[in-house]
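A.B. asks: Can you read through this structure? Questions will come right after.
The values are calculated or read from the model by the stated rules, or taken from the named source; none is laboratory data. Note that the structure is predicted; figures quoted are calculated from it, not measured. All Cβ positions, glycine included, derive from the backbone under ideal geometry; neighbour counts span all protein chains shown.
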Amino acid sequence: MTGTPFIFQVHTLLGVALFALWPFQPPRPRVRRAARLSRRPYVVYRSRGGAR
């Protein structure tokens, strides 16, 4: 990493910190997001009785 630009070093450090801190975040936002995604309506591409 000595020959890489400074912005890349910062980017890499922030990425590692994100993965290191993820387990210590409160679980409520993660659970809420998963519950919201499971209640999304289905995407209907075509009707069942439509013309063929």
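A.B. asks: Are any of the residues in region 22-30 at pLDDT 75 or above and exposed (fewer than 10 other Cβ atoms within 10 Å of the Cβ)?
C.D. replies: Checked against the condition, which is being at pLDDT 75 or above and exposed (fewer than 10 other Cβ atoms within 10 Å of the Cβ), region 22-30 yields no hits at all.
A.B. asks: Further, regarding this structure: Does region 1-13 hold any residues that are part of a helix (DSSP H, G or I) and either surrounded by 10 or more Cβ atoms within 10 Å (Cβ to Cβ) or β-branched (Val, Ile, Thr) (or both), and which are they?
C.D. replies: 7, 8, 9, 10, 11, 12, 13
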